[in-house]
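Quick notes on the structure that follows.
The values are calculated or read from the model by the stated rules, or taken from the named source; none is laboratory data. Worth saying up front: this structure is predicted, and the values here are computed from it rather than measured. Every residue, glycine as well, gets a Cβ built from its backbone with ideal geometry; the counts of neighbours run over all protein chains shown. What goes into the accessible areas is simple: the full protein's heavy atoms, side chains included, and nothing from ligands, DNA or RNA. Shrake-Rupley method; radii C 1.70, N 1.55, O 1.52, S 1.80 Å.
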Amino acid sequence: MASQTGEIVQHSLDALLEDSSFLPDLKDQTRKQAFTSLAALLSTPNQIHKSFLRIALENGRVVRIPAFRVQHNNALGPYKGGIRFHESVNEEEVANLAALMTLKNALHEVPFGGGKGGVVMNPRDYSVKELHLICEKYVHYFSDVIGPDKDIPAPDVGTGDREMDWMMAEYKSIRPGMPYRGSFTGKSVVNGGSLGRRKATGKGVYFTLRYMLYDFLNEQKNWLRTVDNVFAKTALGYRNRPLTLSVQGFGNVGSIAALEAFECKHLNNKVVAVSDRNVTLYHEDGLDIPALIQYTSKNQGDLPVDEKQLSEANVKAQILDREQVLYLDVDVLVLAALEDQIHQDNVDKIKANVIVEGANAPVTGEADKYLSDRGVIIVPDILANAGGVIVSYFEWLQGRETQFYTEEEVNKLLLKKMKGTMDTILPQFFGDPFPLRQNCYIHAVMKLSTILYRQGKLY
Ligand code: NAD
C-alpha cells in the first residue's frame, strides 16, 4: 500500500483502537492483537498476479507485455476494480489502486472487495487488432482468478466499453455454459452494460461537490454556524455565490463532471478551464463544454490545441500550458487525470479552496497535509469518484436478473447511494477536526473491521 493510504489507514486504526465503544467485546491484549491483525490485513493485498502477455504484432514481431491483476481484499464480496492500459503502470501503483477500491466499496457499502488490473503499454502504439489480442490474452492469462463471483474487472484509464466487450466474449468462450455477463462491467449497453454507466463517475463527482457545498449546506446552515471548524467556515463562504471551476483531464470522468457543472440549472457554476494531456483551455466567462465534448469525440479524445482547431470546435478560449489548469485562481479544482498531480514541488502554487479528486490519488500525502493545514477542503477519491463502481454494481445485478433499468432509474439509484454516504460522513466532517479524507477512511475501516471481526478473521 502506498505510504499515504497506509498512513491514513493506520491513523484510522489508532483512533478506533482508543474508541472503546467500537467493537466493545474486544478488550485489553485481545483488542491490541485484533488491531495489529487488522493493520496487517489492510496494508497488504491478498494476491498479486503478474503475467507477460505474448502478443504477435501485425508486423510479425512478437512482444511480451507485463500485465497485473491485484486482489487486495474480498471481505465484502468479489474483488472489483478497473483495468488500466498505460505506460506508467507498475505493481506498486496497481496494488495501491486495489487498496483504494477496498476502501471505496466499504465506504459506500457496495458489496464488493477491492482489486485492480494494469497492462504496461500505451494503447495508442497498437492497432485495433493488436489491442483486441491484448484484451483476449489478458483474460486468458488471468482466467482462473477472475469471474462474476470472484473478481470483476471494469474500464479504467486507456480502456472502455469496447475492451470490456472483447474481454467478456473471451471469458465466455473460455468458460462455455457458465454465467458470463457479470464477469466484466462497463460493457456496451448492447452487450449487457448498464445505461448510465459511462457517465456515472463524472456525474457522481459533480454531485458530491454540489451536495456538499449547496444542498447539505443549505439544510444544515444553522447548525454549521455553531460549529467552530475551519472547513465549515470555508464551505459556508460558498453558500450564496457562483462558483468558478477548473477541471484537469477531459476524458470519461473530467468531461462529464464539467458537463454536469455546465448544465446545472439551479446553480451558477462557471467552468473557466479544462485540460488534457496536451493543453489547458481557459475563458474567464466560462467554456462551451458541450462543443468541446463534441470536438473531442471526433478527435480521438483530444482537446483543440491551436487557434485553427478552436475555430473548428467553434469555441472561444485562451490556450495555456497543460499544467496551468492546476494554478488558476478558481474556487474549485477538479482533478480527473492521473495520480500525483499535486505534490511537494507545486503545492504552494495551488489557489483553489476546494479540490475534488475525480482521479484516484491525484494529491500526494505531503501535498494533502499542506493543503489541509491551510484549510483547503479536499474531497477525496474514495468519496467523490465512486459513481463508476456503484453503477458497475447495478450492471452486475441487472446481468444476474437479466432485467435492465432505464437511465433515469440508474441515475436516481446512483445519487441516492452517494447521498446516503454523504449524509453519514458530512456531519462528522463538519463537526470534528479531521480532514474529510480521514473521516472517510475511518468510516470505511470501521465497516471492514466489523465484518472481518464477525467473520472470525481477527486473531
Ligand atoms: P480517460 O483516459 O478517459 O481520460 C484521462 C484524461 O486525462 C484525458 O483527457 C487525458 O488527455 C488526460 N491526461 C492524461 N495525462 C494528463 C496529464 N499529464 N495532464 C493533464 N491531463 C492528462 O480516463 P478516465 O476514465 O476519465 O479516468 C481519469 C481518472 O479517474 C483516473 O485516475 C481513473 O483511475 C479515475 N477513475 C475513473 C473511473 C471511471 O469510471 N472511468 C472511476 C473512478 C476513478
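Between the range 167-197 and the range 286-351, what is the separation of their alpha carbon centroids in Å?
Using only Cα atoms, the two centres lie 34 Å from each other.
If each of Y459 and D321 carries a label point 7 Å out from its Cα toward its Cβ, how far apart are those two points in nm?
5.8 nm
From the backbone phi of the range 123-140, what are the Karplus-calculated ³J(HN,Hα) couplings (6.51 cos²θ - 1.76 cosθ + 1.60, θ = phi - 60°) in whole Hz, Gly and Pro given as x?
Couplings: x, 5, 7, 10, 6, 4, 5, 5, 4, 4, 5, 4, 5, 4, 5, 4, 5, 4 Hz.
Write down the percent of antiparallel bridges among all DSSP beta bridges whose residues are both part of the chain, to the nearest 5.
If we restrict to bridges inside the chain, about 45 percent are antiparallel.
Using a Cα-Cα cut-off of under 17 Å, which aspartates and glutamates could be cross-linked to K203, ignoring same-chain neighbours fewer than 8 residues away?
D156, D215, E260, E263, E357, D381, E395, E407, E408, E409
Taking the simple approach of a point 7 Å from Cα along Cα-to-Cβ for both V190 and Q403, what is their distance in nm?
That separation, rounded to one decimal, is 2.7 nm.
So, counting K/R as plus one and D/E as minus one, what does the shell of residues with Cβ under 13 Å around D14 add up to?
-1
Does the range 340-412 come out rounded, prolate or oblate, given a ≥ b ≥ c as the square roots of the eigenvalues of its C-alpha gyration tensor, rounded meaning a/c under 1.5 and, failing that, prolate meaning a/b above b/c?
prolate
Please give the charge dipole size of the chain, origin at the Cα centre, charges +1 on K and R Cβ atoms and -1 on D and E Cβ atoms. Round to the nearest 20 debye.
The calculation lands at about 1060 debye.
At a Förster radius of 56 Å, what calculated FRET efficiency corresponds to the Cβ-Cβ distance of K298 and D25, to the nearest 0.05?
Efficiency computed from Cβ-Cβ geometry: 0.40.
Step through the table entries K150/K457; K27/K416; K172/K298; K221/K412, compare each Cα-Cα distance with 29 Å, and write down the pairs that go over it.
Violating the 29 Å limit, Cα to Cα: K27/K416; K172/K298.
For Q309 and S43 in one chain, what is 0.36 nm times their gap in residues minus the Cα-Cα distance, to one decimal in nm?
91.0 nm
Write down Rg/Rh for the chain, rounded to two decimals, with Rg from the C-alpha atoms and Rh from the Kirkwood relation over Cα pairs.
Rg/Rh: 0.96.
What 222 nm value per residue comes from the helices of the chain, counting each DSSP H run with n ≥ 4 as -39,500 (n - 2.57) and dividing by all residues, nearest 500 deg cm²/dmol?
Estimated from H runs of four or more residues: -14000 deg cm²/dmol.
Counting only protein heavy atoms and a 1.4 Å probe, tell me what percentage of the chain's accessible area is made up of carbon and sulfur.
Carbon-and-sulfur percentage of accessible area, whole number: 48.
State in Å² the accessible area per residue of the chain; use a 1.4 Å probe, count heavy atoms of protein chains only, and round to the nearest integer.
Here the per-residue accessible area is 43 Å².
Which FRET efficiency value, to the nearest 0.05, is calculated for E58 and E91 with the Förster distance at 30 angstrom and r the Cβ-Cβ distance?
So, using R0 = 30 Å, E works out to roughly 0.55.
May I ask for log10 I(q)/I(0) of the range 49-193 at q = 0.11, 0.17, 0.18 Å⁻¹, from a Debye sum over the Cα atoms as equal point scatterers with solvent left out?
-0.37, -0.89, -1.00
What is the distance in Å between the Cα centres of the range 198-223 and the range 122-149?
After rounding, the separation between the Cα centres reads 37 Å.
Mind scanning K32/K447; K265/K316; K265/K447 and naming the pairs with a C-alpha gap bigger than 30 Å?
K265/K447
Within the range 242-277, list the trypsin sites (Lys or Arg not before Pro) lying in a DSSP loop whose Cβ has at most 12 other Cβ atoms in a 10 Å radius.
Qualifying residues, ordered by number: K265.
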